[in-house]
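Chemist: I have a structure I would like to understand better, so I am pasting it below and will then ask my questions one at a time.
Only the coordinates and a few stated rules stand behind these numbers; no lab work does. Being a predicted model, the structure only gives us computed values, none of them experimental. Cβ placement follows ideal geometry from the backbone for every residue including glycine, while neighbour counts extend to all protein chains displayed.
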Amino acid sequence: MDFFIDSFLSAASLIWSMDPEFLVVVYVSLKVSSTSTLIASIVGVPTGFLIAFTEFRGRRLLITILNTLLSLPTVVVGLFVYAFISRRGVFGVYDLLYTQKAMVIGQVILIVPIVTTFTIAAISRIDERYRKTALTLGANLLQTAWLILREARFGIAAAIIAAFGRVIAEVGISMMLGGNAKGFTRTMTTAMALEYDKGLFVLSVALGIVLLTVSFAVNLFFNYFQGKARV
Amino acid sequence: MLYAMKNVKKRYEGRTVLDLEALSLGKGKILVLQGPNGAGKTTLLEIMAFLSSPTSGEMWFDGRKVDFTGNSLMGLRQKVVLVQQHAILFTTTVSRNVELPLRIRKTPKRARKQIVEDLLNLVGMEALGDARAHRLSGGETQRVAIAQALACYPEVILLDEPTANVDVENQMAIERTIRDINRTKGISVIFTTHDMIQASRIAEETVFLFEGKKARSTYENIFSAHMELDEDPWKYSVLQNGLRLRVQSEKLGRVRICIDPRAVRLSRSGSSEDNTFQGRLVQLADEENRVRAHVDVGMLLSVLVPKDVFSGMDLGVGDPVWITCPAESIEVLG
């Protein structure tokens, strides 16, 4: 019991003290996770929309593959990207390894399937009558797509929130491609792993509590806007 | 001609749902497409709204042949608007829903506000402009959908069962709107309905559809039946409630039959004639020069009686009556 009380007190102290080193860790976590979520959304939402809305050969197979990729282990993504960006890799010349960019690349690969499959699910649930209504009211294909996306906005927002939750909590990619460099690529999860390795469990759990608090704040922010839009 | 069609067919998964040899619909009128469920009414409306293309056949709109494969459909959709059965509104306010076609057409903001107000006034929904569209009742949704369709400034408005599942107040409001937009704005209105009384009340012309084909009249009193052998060429058509009708037909086994309400005879007393059954008068409706009587003979049968004949019978709702379905009133549809 003392262990948890100490952890909570340490977490509160970490937040209260506004320790610059701690703030950088939180900042890097949010920056990398937000960037990868943004890029994955730009790629995943239109892809999901197209897959949901068009009929083509191999569509079901593609959806099955995307569903399979939902359980992609972060270590596998880390290894895969490492093979490409390490000194001897195809993109080795760009010197990406152990940078935030490398972490973003890995995280985007991890969550594009999440955004895409959740978008497919959200769009598929939209009543067919919306498409017909938009078309009969004179909307062109782009306007029709926009109106349908708008109707599916809560489902798509859920996809983006889920993707953000996945990347802010992952450790494998950040560790393998970021390298946990203090002040540069150290995130909350890699910092937790480090503290654990050093045997500082209290600080490790405290960081975990901070991570959940940050995650909760982000979700509150999204929910606030969802609630305002729904009425 | 507003619409002309030749050999228009529509197939879904190998099943022909629409098969029209020829169909012409005039301009500037209120027209009704009538027929039972599965008659192809919605399919035809969607083709006429350029939302769906026929599997084969040709269609002309306003004298011009429609190319369903080209990019011209978008332009044609600007002239024709369809209000679907159980219309659906976008998740926003009533006003913004009505405003949507104007935004699509890039109408200036100031003009949009006035047009939306006018249209909501027209359908009697001005008080609910700021209401959330998904909180409206079925009838109110339908009225807003009509206002939304009118914001497209269409030449033709197609309405699929506009008064289905709508209360009487909303039904009257929708009917009044249909008449108004036709008279004051000169918009051609084509709508589908099951309600024969409503059709005769509003429509200038009626097209009957049955099983995807144009029919000579509306098929009423349609029942599933089982044909059994009797003395050749007669057969018994046994209905689900056990009623046995003597008919002349080649067919055996499961069929659908229809009984022409105009050919059924209604009387106060029975006779030994074939296909005579006792029942009870459960509903009466005035229909131009005829009276529509619904008789419960174990199933509800609609009977049309000339007004002068009916008035001489001195009948009221609840009275016992006899009906006779002559062989010529029964058609075996297959």
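Chemist: Out of A:TYR130, A:TYR224, I need the residue that is over 22 Å from A:LEU110 (Cβ atoms), surrounded by fewer than 20 Cβ atoms within 10 Å (Cβ to Cβ), among the aromatic types (Phe, Trp, Tyr) and within 14 Å of chain B (Cβ to nearest Cβ). Which one?
Modeler: A:TYR130
Chemist: Of the residues A:ALA163, A:ALA158, A:ALA121, A:ALA102, which single one is within 11 Å of the chain's Cα centre (by Cα) and more than 14 Å from chain B (Cβ to nearest Cβ)?
Modeler: It is A:ALA163.
Chemist: What number goes with the only condition from (1) under 30 Å from B:LEU51 (Cα atoms); (2) aliphatic (A, V, I, L, M); (3) crowded, with 19+ Cβ neighbours inside 10 Å; (4) without any contact (Cβ under 8 Å) to a residue 40 or more places away in the chain that A:ILE123 does not pass?
Modeler: Among (1) under 30 Å from B:LEU51 (Cα atoms); (2) aliphatic (A, V, I, L, M); (3) crowded, with 19+ Cβ neighbours inside 10 Å; (4) without any contact (Cβ under 8 Å) to a residue 40 or more places away in the chain, A:ILE123 violates only (4).
Chemist: Ok, one more. Would you mind finding the one in A:ILE161, A:ILE209, A:ILE173 that is touching a residue at least 60 places away in the same chain (Cβ under 8 Å), crowded, with 21+ Cβ neighbours inside 10 Å and out of contact with any Lys or Arg (no Cβ under 6 Å at 6 or more places or on another chain)?
Modeler: It is A:ILE173.
Chemist: Can you tell me which residues in segment B:114-136 are over 28 Å from the mean Cα position of the chain (by Cα), in contact (Cβ under 8 Å) with a residue 24 or more places away in the chain and either surrounded by 13 or more Cβ atoms within 10 Å (Cβ to Cβ) or closer than 25 Å to A:ASN140 by Cα (or both)?
Modeler: If the condition is that a residue be over 28 Å from the mean Cα position of the chain (by Cα), in contact (Cβ under 8 Å) with a residue 24 or more places away in the chain and either surrounded by 13 or more Cβ atoms within 10 Å (Cβ to Cβ) or closer than 25 Å to A:ASN140 by Cα (or both), then B:ILE115, B:VAL116, B:LEU128, B:GLY129, B:ALA131, B:ARG132 are the ones that fit.
Chemist: Return the residue satisfying two criteria in turn: it lies in segment B:114-155 and is assigned to a helix (DSSP H, G or I) and among the small types (Gly, Ala, Ser), and of such residues it is nearest to B:THR177 (Cα to Cα). First the steps, then the outcome.
Modeler: At the first step, the residues of segment B:114-155 found to be assigned to a helix (DSSP H, G or I) are B:114-122, B:126-128, B:133-135, B:138-150.
So of that shortlist, the ones also among the small types (Gly, Ala, Ser) come out as B:127, B:133, B:138-139, B:145, B:147, B:149.
Details: B:ALA127: 17, B:ALA133: 20, B:GLY138: 16, B:GLY139: 13, B:ALA145: 12, B:ALA147: 9, B:ALA149: 12 Å.
Per the stated criteria, the residue is B:ALA147.
Chemist: While we're on this one: Output the residue which, of all residues in segment B:94-113 that are in a helix (DSSP H, G or I) and either surrounded by fewer than 16 Cβ atoms within 10 Å (Cβ to Cβ) or among the hydroxyl-bearing types (Ser, Thr, Tyr) (or both), is nearest to the other protein chains (Cβ to nearest Cβ).
Modeler: Per the criteria, the residue is B:ARG103.
Chemist: Would you call B:GLN114 out of contact with any strand residue (DSSP E or B) (no Cβ under 7 Å at 6 or more places or on another chain) and closer than 25 Å to B:GLU46 by Cα?
Modeler: Against the criterion (out of contact with any strand residue (DSSP E or B) (no Cβ under 7 Å at 6 or more places or on another chain) and closer than 25 Å to B:GLU46 by Cα), B:GLN114 does not qualify.
Chemist: Right, here's the next one. Sort out which residues of segment B:157-182 are within 11 Å of chain A (Cβ to nearest Cβ) and buried (at least 24 other Cβ atoms within 10 Å of the Cβ), and write them in order of number.
Modeler: B:ILE157, B:LEU158
Chemist: Pick from segment B:38-93 the residues that are among the charged types (D, E, K, R) and more than 14 Å from every other protein chain (Cβ to nearest Cβ): which of them is surrounded by the most Cβ atoms within 10 Å (Cβ to Cβ)?
Modeler: So the residue we want is B:LYS41.
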